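The values are calculated or read from the model by the stated rules, or taken from the named source; none is laboratory data. Keep in mind that this is a model prediction, so the values were computed, not measured. Quick reminder, even Gly has a Cβ in these numbers, built from the backbone with ideal geometry, and neighbours come from all protein chains shown.
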Amino acid sequence: MLRRRSDLIGYSIVGYLPRPGDVLGAIPHEKRLSAESDLCSLVAQLRVELIIVAVDDRRGNLPMAELLECRTQGVEVFDLISFLEQETGKLKLDVMQPGWLAFSHGFRKGLLRNCVKRSFDLAVSLALLLLTLPLWGITALAILIEGRGRGPIFYRQMRVGEGGKVFPLYKFRSMRPDAEKEGQAVWARQNDNRITRVGRIIRKYRVDELPQLLNILSGDMSFVGPRPERPEFVSRLNDSLPYYRERHRVKPGLTGWAQICYPYGASEEDAFEKLQFDLYYVKNHSLFLDLAVLLQTAEVVLWGRGAR
């Protein structure tokens with residue numbers, strides 16, 4: 001059970017009320033509550049405002065009647081996964097119970113919602129395209145000069161989109177033309193020696209991502225959504241990470257909730273952490289959330305944070 005602090009900034013842990021069969025090794029003795037009195041009396045005595053149910057009901061030993069009474073008296077009652085979702089902005093897969101996703105709220109789709117999102121994508125992408133056209137020319141010229149006219153200006157790479165559809169994604173080339181000369185997909189690394197001098201600058205300020213505006217206008221991508229991954233990585237991650245396929249329920253994005261909440265990832269461990277943010281977005285995406293991501297992305301771009 002938790003009690004909110006008077007300044008409403010955080011939460012103060014009042015204590016843990018064990019159920020029969022619970023393992024208490026990690027719970028400090030001073031935080032273990034006694035169940036001698038009924039739950040509602042204990043809640044009133046400790047002035048509790050929020051109860052977190054951190055166990056499931058498969059053992060049938062939850063005091064459901066008492067929880068309901070507390071709820072009707074104005075005390076908030078959350079299951080652990082929903083509480084963590086609300087407070088962290090991600091779905092904690094390591095503590096998620098089977099079936100929770102199927103019964104939780106979210107995953108809303110509809111014609112109106114799709115039309116609003118598509119209109120948002122077109123408006124933002126067209127405006128950004130017009131504003132950055134001079135930058136396209138400067139970037140293309142810089143890539144040509146550094147490569148002495150050799151090597152392409154744009155880089156085309158296959159990515160996985162909505163429903164598992166594979167599409168060509170476009171970027172300004174920021175690596176050497178022979179970056180993957182052995183033909184194997186490789187994660188980008190910190191201080192990657194395959195990146196050119198121009199590439200380091202345009203990657204820092206996300207200029208290399210600008211050609212993806214064409215992917216958005218063509219309908220393969222959205223402005224906000226999970227970042228599209230390469231088929232080679234997706235095939236592996238589908239097998240190793242739970243619910244990874246669910247991130248393809250929406251169009252991938254030029255920017256996304258995971259991108260502003262978690263630093264650049266270059267491993268399966270990073271992919272797992274980012275997946276938890278991606279699933280939160282897939283479950284809760286809305287115009288308001290897209291606007292919030294857009295504003296925070298602008299801050300990231302202006303300060304050049306998180307690039308590799």
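Numbers at a glance
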read-out: Residue among Arg71, Arg108 that alone is loosely packed, with under 13 Cβ neighbours inside 10 Å and within 13 Å of His285 (Cβ to Cβ); value: Arg108
read-out: Condition broken by Leu67, with the remaining ones in (1) more than 30 Å from Leu213 (Cβ to Cβ); (2) outside the structural domain of Ile52 (by TED's automatic domain parsing) satisfied; value: (2)
read-out: Meets criteria (assigned by TED's automatic domain parsing to the domain that holds Val198 and either within 30 Å of Ile201 (Cα to Cα) or loosely packed, with under 15 Cβ neighbours inside 10 Å (or both)) for Ala102; value: no
read-out: Conditions (1) more than 23 Å from Ala258 (Cβ to Cβ); (2) loosely packed, with under 14 Cβ neighbours inside 10 Å; (3) among the aliphatic types (A, V, I, L, M); (4) not assigned by TED's automatic domain parsing to the domain that holds His248: number failed by Ala123; value: (4)
read-out: Any hit, the stretch 155-168, residues being in a loop (DSSP other than H, G, I, E, B), of a type outside the set (Lys, Arg), more than 21 Å from the chain's Cα centre (by Cα) and modelled with pLDDT under 95; value: no
read-out: The stretch 283-305, residues that are surrounded by 21 or more Cβ atoms within 10 Å (Cβ to Cβ) and β-branched (Val, Ile, Thr); value: Val293
read-out: Any chance Lys109 is outside any helix (DSSP H, G or I), at pLDDT 90 or above and of a type in the set (Lys, Arg); value: no
read-out: Failed condition for Gln97, given (1) surrounded by 15 or more Cβ atoms within 10 Å (Cβ to Cβ); (2) modelled with pLDDT under 95; value: (1)
read-out: Close pairs (9 angstrom Cβ cut-off, 6 or more residues apart or separate chains): under 19 Å from Pro177 (Cα atoms) in the stretch 196-217, in a helix (DSSP H, G or I) and basic (Lys, Arg) anywhere; value: Glu209/Arg203
read-out: Number of the exception - Lys92 against (1) assigned to a helix (DSSP H, G or I); (2) modelled with pLDDT of 90 or more; value: (1)
read-out: Members of the stretch 189-202 that are at pLDDT below 90, crowded, with 17+ Cβ neighbours inside 10 Å and not acidic (Asp, Glu); value: Ile195
read-out: Some residue of the stretch 262-277 being buried (at least 16 other Cβ atoms within 10 Å of the Cβ), of a type outside the set (Ser, Thr, Tyr) and part of a loop (DSSP other than H, G, I, E, B); value: yes
read-out: Selection count, the stretch 12-31, where residues are modelled with pLDDT of 80 or more and exposed (fewer than 14 other Cβ atoms within 10 Å of the Cβ); value: 6
